[in-house]
Amino acid sequence: MDELVKINYENQRPTVLGRDLHEALEVKTAYKDWFPRMCEYGFEEGSDFSSFLSESTGGRPSIDHQLTIDMAKELCMIQRTPKGKECRQYFLEIERRWNSPEAIMARALQIANQQLTQVRKQNKVLEGTIAVQNQQIVEMKPKVSYYDVVLNCKDLISTSAIAKDYGKSAIWMNRYLNKKGIQFKQGGIWLLYQKHAEKGYTSTKTHSYIGSNGELHTKVHTYWTQKGRLFIYELLKADGILPQIEMEGV
């Protein structure tokens, strides 16, 4: 079937541009005068058509309309011309194909795939949230000794601050700890593997901030306790990496 008028399938139902139909029908009246006259036949915006500004080709943008196939068919009948009859038959065929069992099944599968993709995205976000919550639950467990309680109450320290003691960056430190099997990254957050998360090395905190869109957002950051800081110290020391303050006496 030859394409008499370009069909738009991006919406829930096929539509056609008013200016494209006007051209295909070979209407002599200017579009800006013809379309309002056609609307006098009872067509309503929102149900039969929608208005928008078409892209400019150098001049000012022009008003165009997305028409339903039903409206397009009626406009073809109103013209009472051989071209109108030809276009109406064309739209009837488009409608027949759109409502065929094969087309309905294809659209149903497409919707199902879109929903599945959305569910997968949501699951990925939930996995990150659950991982953070699991670590926070572990961190909130009562400590087995007074020593651990005291350490947990002292000031927390960021990864970048610890890395600075060694003349390194937070990126270097995070990669080092990841390579050592201490932590992993999920949802943009560094979290400890379970065997380390239970030892009181870290504490996660949620910070609020205003985004570029002016809305309030939250972000989770992982901080190290003093016990965790000593753990990193022993880990680096075993690999021959000492803090700068100790390097001065070497």
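Checking the stated criteria, residue 19 turns out to be among the basic types (Lys, Arg) and either touching a His at 6+ places or on another chain (Cβ under 9 Å) or surrounded by 19 or more Cβ atoms within 10 Å (Cβ to Cβ) (or both). State whether one or more residues within the stretch 85-101 are acidic (Asp, Glu), surrounded by 13 or more Cβ atoms within 10 Å (Cβ to Cβ) and modelled with pLDDT under 75. Within the stretch 85-101, not a single residue is acidic (Asp, Glu), surrounded by 13 or more Cβ atoms within 10 Å (Cβ to Cβ) and modelled with pLDDT under 75. Of the residues making up the stretch 2-19, those that are of a type in the set (A, V, I, L, M, F, W, C) and modelled with pLDDT of 85 or more are 5, 7, 16, 17.
For residue 218, the requirement of being farther than 25 Å from residue 245 by Cβ, assigned by TED's automatic domain parsing to the domain that holds residue 236 and either without any contact (Cβ under 8 Å) to a residue 60 or more places away in the chain or not polar (S, T, N, Q) (or both) is met. What tally of residues in the stretch 179-193 results from selecting those that are among the aromatic types (Phe, Trp, Tyr), in contact (Cβ under 8 Å) with a residue 12 or more places away in the chain and outside any loop (DSSP other than H, G, I, E, B)? Residues in the stretch 179-193 being among the aromatic types (Phe, Trp, Tyr), in contact (Cβ under 8 Å) with a residue 12 or more places away in the chain and outside any loop (DSSP other than H, G, I, E, B): 1 in total.
In the stretch 169-188, what count of residues is obtained for those that are surrounded by 18 or more Cβ atoms within 10 Å (Cβ to Cβ) and not polar (S, T, N, Q)?
As a first pass, look at the stretch 169-188 and keep what is surrounded by 18 or more Cβ atoms within 10 Å (Cβ to Cβ): 173-174, 176-177, 182-183.
Now narrow it down to the ones that are not polar (S, T, N, Q): 173, 176-177, 182.
The total comes to 4.
The values are calculated or read from the model by the stated rules, or taken from the named source; none is laboratory data. Not measured: the values here are computed from a predicted model. With ideal geometry, Cβ positions are generated from the backbone for all residues, glycine too; neighbour counts draw on all protein chains shown.
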